[in-house]
1. Rank by packing, highest mean first: peptides 258-265, 87-94, with packing defined as the count of other Cβ atoms within 10 Å averaged across residues.
2. For the stretch 67-80, take each phi angle, set θ = phi - 60°, evaluate the Karplus expression 6.51 cos²θ - 1.76 cosθ + 1.60, and give the result in whole Hz per residue in order, putting x for glycine and proline.
3. Go through T250, V213, W263 and say which Cα lies farthest out towards the positive end of the charge dipole of the stretch 209-264; charges sit on Cβ, +1 for Lys and Arg, -1 for Asp and Glu.
4. At a Förster distance of 35 Å, what's the computed FRET efficiency of I12 paired with K32, Cβ-Cβ distance as r, to 0.05?
5. Only four residue types carry charge here, +1 at the Cβ of Lys and Arg and -1 at the Cβ of Asp and Glu. Report the dipole size of the stretch 16-134 about the Cα centre in Debye, rounded to the nearest 20.
6. Classify the stretch 76-130: rounded, prolate or oblate, from the alpha-carbon gyration tensor (a ≥ b ≥ c, eigenvalue square roots; a/c under 1.5 rounded; otherwise prolate if a/b is larger than b/c)?
7. R19 to N118: extension gain in nm, 0.36 nm per residue of separation minus the Cα-Cα distance?
8. Starting from the amide H of Y255, placed 1.01 Å from N in the peptide plane, find each other amide H under 5 Å away whose residue is 5 or more places distant or on another chain.
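Please treat every number below as a calculation from the coordinates, not as lab data. Predicted, not measured: the structure shown is a model, and the values here were computed from it. A quick note on method: Cβ atoms are made from the backbone with ideal geometry, for glycine too, and the neighbour counts reach across all protein chains shown.
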Amino acid sequence: MDFPLSESDRIIAEQNSKRQDAQEAEARQREKDRPQAELRRAWDGVSLWIQFDGSVAHSDTMVETTPDAAIPAITTLHKALAACDLLDRLAELPVGVIGEEMQAWQVALDILRFAPDNPGMAEQLLGSIRRLPFAPTVRDWLCRGFRKVVETDPESGDWTWHPGGLFRNLAGLGPETPNTDDADSRPKPETEGGEPRVEPVSLACETARKLLVGWREIAAALDMRYGERKKIRSLNDRCEGPIKNQGPGTQPMVYAEDLIKWWNSMATRQQDLANQRDGAKLSAEAEHNYGRNEKLAPEIGGSVKKRRRDKRT
């Protein structure tokens, strides 16, 4: 026997219809957001492969490999930018970029531009920047600079390039403070009995330094993932880094400006070490004969003895 629909049945049917409508709307929104989601993953993919000194090594293993390993990630980034109609925003040099940063921008743009259609050229360029002085800036453009360019409204004027490879938001900071270093414009000290009066130092004028606590904050300050903390810790231990840890059960701490300064100087340190090794090798090769069986190497303060020949029997 069939019963007529009750009021409860009608309510449940109405709720099922609303649920279906919500699911369809969510699916449409996901499809709409898909290009942007793929673009975010593409940025992360490039950061995983290109290291701060321009070398290519996956951040999970830190085993250096050939530049061609990073080309698929860069190609994916290029295609994701094209899908979002954002490639045109990278065609023009941002305002304020000069000198070596402009050179790094050009090389990074060419690597990105060549990756899909001329991967051999992109691979050659990427391999050429390895451990060069401007390699960190090239990486900064590929992993962060280009991203900031395409994510910023070009009509807003809120962003400009800051020397050192980082973007700084200038909106809301107000006009620049005029230079008052001229001797005539400096305030004259008040005197007491002909002697300058010394004003007490006010601690309220000091600005607190930003302290980063924990690997999550440290990784974020370096524009890296939390999963890359082992790499940061290893570099800190091997390269006299500023990150301090008091032992098991404690969190690492470091001042933000000390961390950034150390990180940005990493490539220069590696180049200095390489130069020292090359110099020591050349010094050891500078030797001359001394006596019958020895050679002197004065640059390293030692001598080299000739090996005795085996007696013929």
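1. Most protected by this proxy first, the peptides run 258-265, 87-94.
2. Result, rounded to whole Hz: x, 4, 5, 8, 4, x, 5, 5, 4, 4, 4, 4, 5, 5.
3. T250
4. It comes out at approximately 0.70.
5. Approximately 400 debye in magnitude.
6. Oblate, since a/c reaches 1.5 and b/c is not below a/b.
7. Working: separation 99, 0.36 × 99 = 35.64 nm, distance 4.84 nm.
Full extension of this stretch gives 30.8 nm more.
8. Those lying under 5 Å, H to H, from Y255 are L212.
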